[in-house]
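The values are calculated or read from the model by the stated rules, or taken from the named source; none is laboratory data. None of the values given here were measured: they were computed from a predicted structure. Protein only, heavy atoms only, side chains kept; ligands, DNA and RNA dropped before computing areas. Shrake-Rupley method; radii C 1.70, N 1.55, O 1.52, S 1.80 Å.
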Amino acid sequence: MAVVQFPADRRTAEVKRCAEALQRLHGEEANGFWRSEMAAFAAALERQGIVPEEISWQASRFMHAVQMELQRAFAMPEARS
């Protein structure tokens, strides 16, 4: 088992940065942004020697955290106006 110093879902600044970007982007631009972010995320963990299974798990946790941040933002009345 690999120990990840900063679990992906607890990197709150990165989670918020991605969620804010995804609120502004749409369609293929949003897809491209997300693919680029996840490729960089995976490459960084791979350079740290993290095994592919753990990279996949961390990526899933990060994606879930970003989705939850997007839901929180959407639930705020000023985000919908």
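Once the Cα-Cα distance is subtracted from the 0.36 nm per residue extended length, the residue 54 to residue 23 segment shows a gain of 8.4 nm.
Axis angle, to the nearest 10 degrees, between helix 52-75 and the longest C-alpha principal axis of the chain: 20 degrees. Roll a 1.4 angstrom probe over the protein heavy atoms and tell me the percent of accessible area of the chain that is carbon or sulfur. Solvent-exposed carbon and sulfur of the chain make up 57 percent of the total.
Of the residues 29, 14, ranked by 1.4 Å probe accessible area with the largest first, the sequence reads 29, 14. Restricting the calculation to Cα atoms, every distinct pair contributes to the Kirkwood radius of region 1-71, found to be 12.5 Å. Taking the chain as the reference, fit the longest principal axis to its C-alpha atoms, fit the long axis of helix 27-47 to the helix C-alpha atoms, and give the angle between the two in degrees, 0 to 90, nearest 10. Relative to the chain, helix 27-47 is tipped by roughly 20 degrees. Using the 1.4 Å probe convention, the accessible area of the chain works out to 72 Å² per residue with neighbouring protein chains retained.
Across region 14-81, the relative contact order, built from alpha-carbon pairs under 8 Å that are at least six residues apart, equals 47 percent.
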